[in-house]
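Have a look at the structure below before the remarks.
Rule-based calculations on the coordinates, nothing more; no lab input. Quantities reported herein were computed from a predicted structural model and do not represent experimental measurements. Positions of Cβ are generated from backbone atoms using ideal geometry, with glycine treated the same way; all protein chains shown enter the neighbour counts.
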Amino acid sequence: MSNLLQLISFPATQAFKENPTVIAPALSVFSKDNTSGVFFGKQFEDQNKGYVAIVWKGLAIESDAFAKFSEDAKDIISQSQATTYHIVADGDPIESLKAPATEFAFAKLRKEENREPLIDTVKELYAHFATVQGNYGPVYGTVEKVNEDNSKERDLVAVVGWDSPQRHGETAKGLPGIAKLVELSQLTVFHVAFTQSD
C-alpha cells in the first residue's frame, strides 16, 4: 500500500533552533483520523534547516487543516521560503521517522531510462541494510517537489531510519550500490532528528 509523506523544509528561525517544540501547537490541527503521524525537527548537517513531516492516511492532503497550520505557523515557517515535497512511498515511513536519525536521499535522475535500474539498486541496498543493526524501516518512492512558481519535479527518494548519521556512513561505506546510485542520479543526502508531535 502506498503512503503519502509530506515533507516541508524551511529556514529555521532562532526560536525554532533553540526549541523546535515551538511549532507543536500549530501541528495540533492535524487530525489523527487523517494522519498516521506528524513530526518536526532539525537537520543534523545544517541546524539552520527545519522540517515538518506529515504522514497522511491515503493519498490526499487535508487542505483546510494544512491552510490553518500554515497560518498558525507563519511566525516559524515563511511559506515563501519553504519547500514542500510530496513523497508517495512504497511502504509506511513511520518507523524511519521515529528513528534517532532519518536519512532522506533524493535522487535526481540523470536520464529517465535510469529509473528502473535506480529502483533495482535501491532494493539491493535495502536488502543489505536489513542485515545490519541500527537501521529502521527503509522506504522509497516518487517525490513531487512543488517549486515556488508551482512547477513540479518528479524524482526518487529513499527514507531510512538510522541510529545516527555516523552509523549510516559506516554501513554504506564501500558498497558498490552507492557508486551505482551516483552513476544513475544526482544524489542529495541529509539526516533529520525528528520528534513526533502529540
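Observations, loosely collected:
- Charge dipole of the chain about the Cα centre (unit charges at C-beta), most positive-ward option of Ala26, Ala158, His128: His128
- Remark: for residue pairs Lys49/Lys173; Lys17/Lys123; Lys68/Lys173; Lys74/Lys123; Lys57/Lys173, the C-alpha separation exceeds 32 Å in Lys17/Lys123; Lys68/Lys173; Lys74/Lys123; Lys57/Lys173.
- Helix-only [θ]222 nm of the chain, DSSP H runs n ≥ 4, -39500 (n - 2.57) each, per residue, nearest 500: -7500 deg cm²/dmol
- Taking Glu71, Glu170, Glu95 as the candidate residues, the one with maximal mean-square fluctuation in a Gaussian network model of the chain, Cα springs under 10 Å, is Glu170.
- Mean separation of Cα contacts under 8 Å (6+ apart) over length of the chain, as relative contact order %: 30 percent
- Cβ-Cβ FRET estimate between Asp198 and Glu95, R0 fixed at 25 Å, reported to 0.05: 0.85
- Distance between the pseudo-spin-label points of Asp120 and Val132 (7 Å out from Cα toward the beta carbon): 2.3 nm.
- Phi to ³J(HN,Hα) by Karplus 6.51 cos²θ - 1.76 cosθ + 1.60 over segment 23-39, Hz, x for Gly, Pro: 8, 4, x, 5, 6, 5, 5, 7, 7, 5, 5, 10, 10, 8, x, 10, 9
- Once the Cα gyration tensor of the chain is diagonalised, semi-axes √(5λ) in Å: 27, 18, 16
- Residues whose placed amide H lies under 5 Å from that of Gly50, excluding near-sequence neighbours: Phe10, Ala12
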